[in-house]
Structures are given as structure tokens and as C-alpha cells.
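Beneath this line is the structure, given in C-alpha cells, with notes to follow.
The values are calculated or read from the model by the stated rules, or taken from the named source; none is laboratory data. Just so it is clear, the structure is predicted and the values come from calculations on it, not from any experiment. Cβ sites come from the backbone with ideal geometry, for glycine too, and all protein chains shown count toward neighbours. In case anyone asks, the SASA skips ligands and DNA or RNA and just uses the protein heavy atoms, side chains included. Shrake-Rupley method; radii C 1.70, N 1.55, O 1.52, S 1.80 Å.
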Amino acid sequence: MGSKHKLSELQLAILRVLWEQKEATVSEVHAALQDRGLAMTTVATLLSRLEKAGVLAHRSQGRQFIYRPMVSEPEVRRSMLADVTEMLFSGDVTAMVSQLLSARDVSADELARVKALIEQKENEARLNGEGDAR
């Protein structure tokens, strides 16, 4: 998963449509994004560029291209979050998590889930012989 995905918000919106629908034509993606007021040609151009970047692929059905994602949502999240962590926090995960927790109100349920994730990572580290995960 060493691939780097630097996607704009609009490109991510297109990918979300395809992740949800599994595959779609230009007109189906255009319809799903109708609230953005994009021209059909703009959507077609964006899909074509994403395909050239290896993020999408297509198959032909008659005269229509049916696009499908070639990357998963978790893969894109991992890649883009790694870029943000490196760019804004010099790779310091502790600083990034601290910023996330202080940037907005965090519910008790969200904090419990974060604690559970930390415990899970600590257990994995112990099982893998990595000693103290902190």
C-alpha cells in the first residue's frame, strides 16, 4: 500500500459515489453529484483523469464507459492521512492525535472508542514482540 493518493475534495466525492455504487457511468456519477452544479463534461474529464492516475478503471457497455474504483476507501484514507501527518506534524502521530482531540468537542463514546483502539494496538505490539507500544 505504498501508493500515494493526493486527491482533491471533488475527486474524493467522485470516488465516494463509486465506492457506494461499486460502478457507475458518467451520467450516474453526474446525477449523484447534481448538488454541486457540475457540467457533464467536467465529470467526464475528472473520471478520465482519475483513470489515467490508476485510481479508476472502466469497461465499455455499448458506447458508455462504466467506471469502477481501483483503490479502496481505507487505502486512500491511509495514504492521505500519512501525507497530512508528515506535512503538518513532521510524522509525529502523538501531535496529530492531540490536535484532533483538542480541535473539537469529543463525546464520551468517541473517547471510549479511541481508548479501545489504543489498547488494541498495544496488545498487537505485545504479541508482535515490539515491547511497549507507547
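Each label point is 7 Å from the Cα along the Cα-to-Cβ direction; what then is the distance between the points at residue 121 and residue 66, in nm?
Rounded to a tenth, the inter-label distance reads 4.1 nm.
Let me know the charge dipole size of the stretch 1-48 about its Cα centre in debye, to the nearest 20, where only the beta-carbon of Lys, Arg (+1) and Asp, Glu (-1) is charged.
220 debye
What's the magnitude of the charge dipole for the chain around its Cα centre, counting Lys and Arg as +1 and Asp and Glu as -1 at the beta-carbon? Answer in Debye, nearest 20.
Charge dipole, the chain, about its Cα centre: 580 debye, nearest 20.
Mind ranking 58, 5 by accessible surface for me, highest first, 1.4 Å probe?
Values: 58 60, 5 15 Å².
Reading off the accessible areas and sorting them downward yields 58, 5.
Springs between alpha-carbon atoms under 10 Å, Gaussian network over the chain: tell me which of 71, 97, 17 tops the mean-square fluctuations.
97
Could you give the accessible area per residue of the chain, probe 1.4 Å, as a whole number in Å²?
Values: 9430 Å² over 134 residues.
On a per-residue basis, 70 Å².
Would you be so kind as to identify which of 106, 66, 89 lies farthest towards the positive end of the dipole of the stretch 32-113, taking Lys and Arg as +1 and Asp and Glu as -1 on Cβ and the Cα centre as origin?
Of the candidates, 66 comes out farthest on the positive side.
Calculate the radius of gyration of the Cα atoms of the stretch 1-114 to one decimal place, then report Dmax, the largest Cα-Cα distance, as a whole number, both in Å.
That works out to 17.2, 53 Å for Rg and Dmax.
Provide the gained length on full extension for the span residue 49 to residue 100, in nm with one decimal, where the gain is 0.36 nm per separating residue minus the Cα-Cα distance. Each step should come with its number before you reach the end.
On the way: separation 51, 0.36 × 51 = 18.36 nm, distance 3.21 nm.
Using 0.36 nm per residue and subtracting the Cα-Cα distance, I get 15.1 nm.
Give the shape of the stretch 93-134 as rounded, prolate or oblate, defined through the alpha-carbon gyration tensor: a ≥ b ≥ c are the square roots of its eigenvalues, a/c under 1.5 means rounded, and otherwise the shape is prolate if a/b is larger than b/c and oblate if not. Each step should come with its number before you reach the end.
Values: a/c = 5.20, a/b = 1.87, b/c = 2.79.
The shape class here is oblate.
Report in % the part of the accessible area of the stretch 50-134 that belongs to carbon and sulfur, leaving out ligands and nucleic acids; probe 1.4 Å.
On the way: 3520 of 6510 Å².
The nonpolar share, carbon plus sulfur, comes to 54 percent.
Going by a ≥ b ≥ c, the root eigenvalues of the Cα gyration tensor, does the stretch 55-134 fall in the rounded group (a/c under 1.5), the prolate group (a/b larger than b/c) or the oblate group? List each step's numbers first, then the result.
Working: a/c = 2.39, a/b = 2.00, b/c = 1.19.
It is prolate, given that a/c is not under 1.5 and a/b is the larger ratio.
What is the magnitude of the charge dipole of the stretch 62-134 about its Cα centre, with +1 placed on the Cβ of each Lys and Arg, -1 on the Cβ of each Asp and Glu, and no other charges, expressed in debye to the nearest 20? Kindly include the intermediate steps, with their values, before the conclusion.
Working: 10 positive and 13 negative charges, 79 e Å.
With Lys and Arg at +1 and Asp and Glu at -1, about 380 debye.
Below 8 Å between Cα atoms, with a sequence gap of 6+, how large is the relative contact order for the chain in percent?
On the way: 99 pairs, mean separation 27.6, N = 134.
This gives 21 percent for the chain.
Would you mind telling me which residue in 102, 48, 72 has the biggest mean-square fluctuation in a Gaussian network model of the chain, where springs connect alpha carbons within a distance under 10 angstrom?
It is 102.
Is the shape of the stretch 69-116 rounded, prolate or oblate, going by the alpha carbon gyration tensor and its root eigenvalues a ≥ b ≥ c, with a/c under 1.5 for rounded and a/b larger than b/c for prolate?
Values: a/c = 2.65, a/b = 1.35, b/c = 1.97.
Note, shape of the stretch 69-116 comes out oblate.
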